[in-house]
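Nothing in this text is a laboratory measurement; each read-out follows from the coordinates by a stated rule. Just so we're clear, the structure is a prediction, and the values are computed from it rather than from any experiment. Cβ placement follows ideal geometry from the backbone for every residue including glycine, while neighbour counts extend to all protein chains displayed.
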Amino acid sequence: MFTETDVCVSWGATLDGPELYAATQLLDAGERRRAGALRDAGAHRRFVTAHAMLRVLVGRQIDVDPRLLTFTPLGAYGKPELVYSPHRLHVNLASAAERVVCAVTEHGPVGVDVESHSVIADANRFGELDRILLTSAERRQLTETGDRVSSLTRWWVRKEAVLKASGEGLTVEPTTLQMSAPHEAPRLLAWQGRPVPALWMSDLDVGAGYEAAVVVVT
């Protein structure tokens, strides 16, 4: 049976100042170029923090200097894959506002996502996000919840984590996924047009004002 001990998750706040500089030294030349091309300071900090954190996490898993690791993007969505033949590790990372999250496992494709309540609240200013994100059954459940923002955010990260694990990302409409209610344990109940894959899912506590989730295709 797949358990939480079969996936290693790390999260933290985005770095700045000397810590950000030190994290940059862990990245390879390609990652530094990509980071340097980001003109938004927040996006730059998130990129460097997340990629450095992923390197440290994987390095610990396989006892390799994080600076010696090589990652390559797979598919149109650019999901990272570790290029290191003795080990078949599945990795993923996500960032939002002042949070970054990384996940590593040997047991199958993994997806992780994090989002802030404030971003979802801003995106839902005109009350239309539920039509972009939720199925009709989920919209009915939303009317019964006491906190629309946290519920929408939790649905968002759960669906995004599933789609990142599949390698498709938001090239697939989130409304095609039917998830369990936000207050229930995370489960994919139905997927329009295809069978429901075997998944292990967990919500993550990454601090107040955020929701996060991790999914492994088993």
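For segment 22-78 and segment 89-142, compute the distance between their C-alpha centroids and round to whole Å.
21 Å
Tell me which of Asn124, Pro80, Leu189 sits at the most positive position along the dipole axis of the chain, charges placed on C-beta atoms (Lys, Arg +1; Asp, Glu -1).
Going by the Cα projections, it comes out as Pro80.
Within segment 88-196, list the chymotrypsin sites (Phe, Trp or Tyr not before Pro) lying in a DSSP loop whose Cβ has at most 12 other Cβ atoms in a 10 Å radius. Walk me through the intermediate numbers first.
On the way: sites: Phe126, Trp155, Trp156, Trp191; in loops: Phe126.
Within segment 88-196, the qualifying chymotrypsin sites (Phe, Trp or Tyr not before Pro) (loop, at most 12 other Cβ atoms within 10 Å) are Phe126.
Sorted by packing (mean other beta-carbon atoms within 10 Å per residue), highest first, where do 63-72, 162-171 land? Walk me through the intermediate numbers first.
Values: 63-72: 13.3, 162-171: 19.0.
Top of the packing list down: 162-171, 63-72.
Starting from the eigenvalues of the Cα gyration tensor, five times each then square-rooted, give me the equivalent ellipsoid semi-axes of the chain, largest first, whole Å.
Taking √(5λ) for each eigenvalue gives 29, 21, 15 Å, largest first.
Among Val58, Thr153, Thr176, whose Cα projects farthest towards the positive end of the dipole of the chain, with charges put on the beta-carbon of Lys, Arg (+1) and Asp, Glu (-1)?
Thr176
Please work out the FRET efficiency for the pair Tyr84 and Val119, using the Cβ-Cβ distance as r and a Förster radius of 30 Å; give the result to the nearest 0.05. Each step should come with its number before you reach the end.
On the way: r = 34 Å, r/R0 = 1.13.
The formula returns an efficiency of 0.30 here.
Rounded to the nearest 20 Debye, what is the dipole magnitude of the chain about its Cα centre when Lys and Arg each give +1 and Asp and Glu each give -1 at the C-beta?
The dipole of the chain has a size of about 460 debye.
What is the gain in length, in nm to one decimal, between Asp65 and Thr3 on full extension, counting 0.36 nm per residue of separation less the C-alpha to C-alpha distance?
Values: separation 62, 0.36 × 62 = 22.32 nm, distance 2.74 nm.
The Asp65-Thr3 span can extend by a further 19.6 nm.
Mind checking segment 106-167 for GluC sites (Glu not before Pro) that DSSP puts in a loop (not H, G, I, E or B) and that have at most 12 other Cβ atoms within 10 Å?
Glu128, Glu144
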